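Following: one structure in structure tokens, then a few remarks.
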Amino acid sequence: MLSIQNLRKSFGGVQALENCSFKVGEGKITALIGPNGSGKTTLFNIVSGLLKADSGKVFFQGKNITNKKPERIARLGVSRLFQQSRLFENLAVEENLLLALNEDDEKFWKNALGLNNPGKEKHVKVKEILKTVGLENVGKKLSRDLSFGQKRLVELARAIAKPHSFLMLDEPIAGINPKLRVEIAKALKSLKKQGQTILLIEHDMSFTLGIADFVIVLDDGRVIAEGVPSKIRKNPKVLEAYLGE
Ligand SMILES: Nc1ncnc2c1ncn2[C@@H]1O[C@H](COP(=O)(O)OP(=O)(O)OP(=O)(O)O)[C@@H](O)[C@H]1O
Ligand SMILES: [Mg+2]
């Protein structure tokens, strides 16, 4: 689904990514982990077209998308949750989601849902997605009146609402309470069951290793380990990277 090949990116003297290469398999949950500043968000920014790579390539579904415009990459089916908030604070929660649904062509959902009334269908979809993230009761509230955790959930809902075939989540459960974390883990697993491909950045190890099929570990902009969660848990390099933080 996604192939990262020898990516490099520096900011002034800081080498954020150093010859970074890995693949993301279709229909799987892949976790991208690593200490603070190891280059995870930078990698997301390059894949989604917000930053240009110094060198290296990104292929999505076999297409070279390196340094293409963000809109173009989104249209190919890449949806993203940002580490920092990008909600429309003065719109109701529902409106934020409707905007996300409207971001691309209506055909996608018509086909996906087998419905032909776009207005109603979208409201149904919004309710369904809000329920997925445990926010069915706040749809009418203005986004700015939500708690930090609730805002994160709306953003997660928005990333899910955008028509996509590939979901990139940058720290979806940061600031979310333990009970909801369990709900989100369930929601992500259910998205996977529906055939979605997810790339997930997350610091919470029990959450991450609990849902990931495959794990890539970055340290100083390089891949230092990759494998299934049970292997990653025991990998000395990984333990060292985290303990040495
Ligand atoms: N726009 C920027 N300008 C300058 N330096 C940057 C910029 N973006 C990232 N960096 C630097 O690049 C390195 C990698 O940052 P990045 O945000 O990718 O890390 P991260 O793995 O996402 O960390 P965290 O887990 O804390 O979110 C860091 O040293 C960071 O300070
Ligand atoms: Mg980050």
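For the reader, a short list of remarks on this structure follows.
- C-alpha long axis of helix 148-161 to longest principal axis of the chain, angle in °: 80 degrees
- Maximal additional length on extending the residue 63-residue 191 stretch stands at 43.7 nm, based on 0.36 nm per residue less the C-alpha distance.
- Legend: distances between Cα atoms for 52/140; 151/234; 40/68; 40/131; 28/231; pairs beyond 27 Å are 52/140; 151/234; 40/131.
- Rounded to the nearest 20 debye, the dipole magnitude of the chain is 500 debye, with +1 charges on Lys and Arg beta carbons, -1 on Asp and Glu beta carbons, and the Cα centre as origin.
- Beta bridges per DSSP with both ends in the chain, % antiparallel, nearest 5: 55 percent
- Mean Cα-pair separation over length for the range 149-245, i.e. relative contact order, pairs under 8 Å, 6 or more apart, %: 20 percent
- The angle separating the long axis of helix 93-102 from the principal Cα axis of greatest extent in the chain is about 80 degrees.
- Using alpha-carbon coordinates, inclination of helix 118-132 to the longest axis of the chain, degrees: 50 degrees
- Take every Cα pair under 8 Å whose residues are at least 6 apart in sequence, average their separation, divide by the length of the chain, and the relative contact order is 28 percent.
Any read-out appearing in this document is the output of simple, stated calculations on the displayed coordinates, not a laboratory observation. Predicted, not measured: the structure shown is a model, and the values here were computed from it. We place every Cβ from the backbone using ideal geometry, glycine too, and count neighbours over all the protein chains shown.
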